[in-house]
Amino acid sequence: MPHPYVLLSAAVSLDGYLDDTGPDRLLLSSPADFDRVDEVRASVDAILIGAGTIRADNPRLLVNSAERRAARVAAGKPEYPLKVTVSGSGDLDPQARFWHTGGDKVVYTTDKGAERAEAHGLAADVVSLGADLDWHRLLADLTARGVDRLMVEGGGRIHTQLLQLGLADELQLVLAPLFVGTPEAPRLFGPGGYQGGRLRLVETRRIEDVVLMRYEPTAPGTGPRATPADHHWLRLACELATLCPPSRTAFSVGAVVVAADGTELARGYSREGDDPVVHAEEAALAKIDAHDPRLASATVYSSLEPCARRASRPAPCARLILDAGVRRVVTAWREPDTFVTAADGNGLLVAHGVDVVVLPEYEERAKAPNEHLLS
């Protein structure tokens, strides 16, 4: 199911705490960083916090800058992003400031929680996700409401759940130069099973006396469900397709092979180097030792469905993938009948037990370097 770009935003002490145990909220960010957060809020379509954050901090959750709000309106957006909260119980204070400032609000809850939330008369759209909270359904519903970018500001339990479910596209973490040291204080991340692999550091920035660090996940998904890292690697495959020497008789395709821990094993693109007929997946796989044990749990990302038949070489790319022992493929675009009728490389892979994930939202990117063939 499509879902918004999910950005987790948090500030922590040097020892990993979100707050202390005092009656007032511990201010971890600097004034300049609060302004940065306001800028990020102005850039997204919705902001989400948990019910615990509403109870503990009673936030308004607004875009404070009048100039940024005016720019949103000028761009055809609501003055404020949609405000979202999640509560399994539906037990929320209708007098909290969250409900009485800003624009539209949505509460995601359970069947039982919806009854309680509606009885409270909350100034919000109450949406039940079923007997239990289901983050996939929640994000799909936000997509249906036109939310392309979602900022999640906590608390720690929600950040933990989204990371453990592989649903976070980006983590923006601010490190504050102080210690809390109280075991009972709330921490950013809780225990449990997280997706493997190292995150990719995409930015560090000093902001007065705090440091902003931005991370993206790198580890591919498993099975038929896509993860944010799958989107990153498939975008890269589509970018590689633009490097292909032009051809009137073959598609321009990019491919990346990624190990289960997020390590890039190889990349390639059609007609790479001095080989005028090499295919993208073929070029990438040729750069990896055939006995590399990481291939068995790797994912191949290809901007176009791997070919099932070809005239230029005896083995099509789908067969090369199978022979390499790869059991998962992510692609953007099904091969049209331009050169081969009903090629169905995906079908060949599936028939041999490979998990094939198609992300059609990248189809236009994959087609872009091939427009001269499609017209």
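Scanning segment 154-211 for residues that are among the small types (Gly, Ala, Ser), touching a Lys or Arg at 6+ places or on another chain (Cβ under 7 Å) and touching a residue at least 40 places away in the same chain (Cβ under 8 Å) yields a single hit, Gly156.
Can you tell me which residue among Val202, Val211 is within 17 Å of the chain's Cα centre (by Cα), assigned by TED's automatic domain parsing to the domain that holds Trp135 and β-branched (Val, Ile, Thr)? Break it down stepwise before answering.
Details: Val211 fails: within 17 Å of the chain's Cα centre (by Cα).
Just one listed residue meets the conditions, Val202.
Which ones in segment 59-98 are more than 30 Å from Gly113 (Cα to Cα), of a type in the set (A, V, I, L, M, F, W, C) and in contact (Cβ under 8 Å) with a residue 12 or more places away in the chain? Full working, then the answer.
Here is the first cut: in segment 59-98, the ones more than 30 Å from Gly113 (Cα to Cα) are 64-77.
Checking which are of a type in the set (A, V, I, L, M, F, W, C) leaves us with 66, 70-71, 73-75.
Passing the criteria: only Ala71.
Can you tell me which residue within segment 333-355, out of those that are touching a residue at least 40 places away in the same chain (Cβ under 8 Å) and within 24 Å of Ala311 (Cβ to Cβ), is surrounded by the fewest Cβ atoms within 10 Å (Cβ to Cβ)?
Restricting to residues being touching a residue at least 40 places away in the same chain (Cβ under 8 Å) and within 24 Å of Ala311 (Cβ to Cβ), the top hit is Thr338.
Whether any residue in segment 37-51 is out of contact with any Asp or Glu (no Cβ under 7 Å at 6 or more places or on another chain) and exposed (fewer than 14 other Cβ atoms within 10 Å of the Cβ) is what I want to check. For segment 37-51, residues out of contact with any Asp or Glu (no Cβ under 7 Å at 6 or more places or on another chain) and exposed (fewer than 14 other Cβ atoms within 10 Å of the Cβ): present. Scanning segment 251-271 for residues that are surrounded by fewer than 23 Cβ atoms within 10 Å (Cβ to Cβ), more than 24 Å from Ser375 (Cα to Cα) and out of contact with any Gly (no Cβ under 7 Å at 6 or more places or on another chain) turns up Ala259, Thr263, Glu264, Leu265, Ala266, Arg267.
Against the numbered list (1) within 22 Å of Ile47 (Cβ to Cβ); (2) buried (at least 20 other Cβ atoms within 10 Å of the Cβ); (3) under 18 Å from the mean Cα position of the chain (by Cα), Phe98 comes up short only at (3). For segment 228-252, a residue qualifies if it is within 19 Å of Val326 (Cα to Cα) and in contact with a helix residue (DSSP H, G or I) (Cβ under 9 Å, 6 or more places away or on another chain), and the qualifying residues are His231, Leu234, Ala237.
Got a sec? Which helices (runs of 4 or more DSSP H) wholly within segment 20-100 have at least 1 residues that are of a type outside the set (A, V, I, L, M), in contact with a strand residue (DSSP E or B) (Cβ under 9 Å, 6 or more places away or on another chain) and at pLDDT below 95?
51-57
Can Leu92 be described as touching a helix residue (DSSP H, G or I) at 6+ places or on another chain (Cβ under 9 Å), hydrophobic (A, V, I, L, M, F, W, C) and farther than 25 Å from Asp141 by Cβ? Break it down stepwise before answering.
Numbers: touching a helix residue (DSSP H, G or I) at 6+ places or on another chain (Cβ under 9 Å): yes; hydrophobic (A, V, I, L, M, F, W, C): yes; farther than 25 Å from Asp141 by Cβ: no.
Answer is no for this residue.
Which residue, of Leu167, Leu188, is more than 18 Å from the chain's Cα centre (by Cα) and surrounded by 14 or more Cβ atoms within 10 Å (Cβ to Cβ)? Matching residue, one of Leu167, Leu188: Leu188. Hey, any hits in segment 169-182 for a residue that's touching a helix residue (DSSP H, G or I) at 6+ places or on another chain (Cβ under 9 Å), of a type in the set (Ser, Thr, Tyr) and over 17 Å from Ser303 (Cα atoms)? Scanning segment 169-182, I find no residue that is touching a helix residue (DSSP H, G or I) at 6+ places or on another chain (Cβ under 9 Å), of a type in the set (Ser, Thr, Tyr) and over 17 Å from Ser303 (Cα atoms), so the answer is no.
Cβ separations smaller than 7 Å between residues 6+ apart or across chains give the following pairs from segment 221-241 residues that are small (Gly, Ala, Ser) to residues that are surrounded by fewer than 18 Cβ atoms within 10 Å (Cβ to Cβ): Gly223/Asp355.
For segment 287-297, a residue qualifies if it is surrounded by 15 or more Cβ atoms within 10 Å (Cβ to Cβ) and over 28 Å from the mean Cα position of the chain (by Cα), and exactly one does: Asp292.
Selection over segment 1-35 of residues that are among the acidic types (Asp, Glu), farther than 16 Å from Leu212 by Cβ and either surrounded by fewer than 17 Cβ atoms within 10 Å (Cβ to Cβ) or not assigned by TED's automatic domain parsing to the domain that holds Asp141 (or both) gives a count of 2.
Yes/no matrix, rows are residues, columns are (1) of a type in the set (A, V, I, L, M); (2) more than 15 Å from the chain's Cα centre (by Cα); (3) within 30 Å of Asp35 (Cα to Cα):
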site	(1), (2), (3)
Trp135	no, no, yes
Gly146	no, yes, yes
Thr160	no, no, yes
Leu171	yes, no, yes
Gly181	no, yes, yes
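The values are calculated or read from the model by the stated rules, or taken from the named source; none is laboratory data. Because the structure is predicted, anything quoted here is derived from the model rather than measured. Cβ sites come from the backbone with ideal geometry, for glycine too, and all protein chains shown count toward neighbours.
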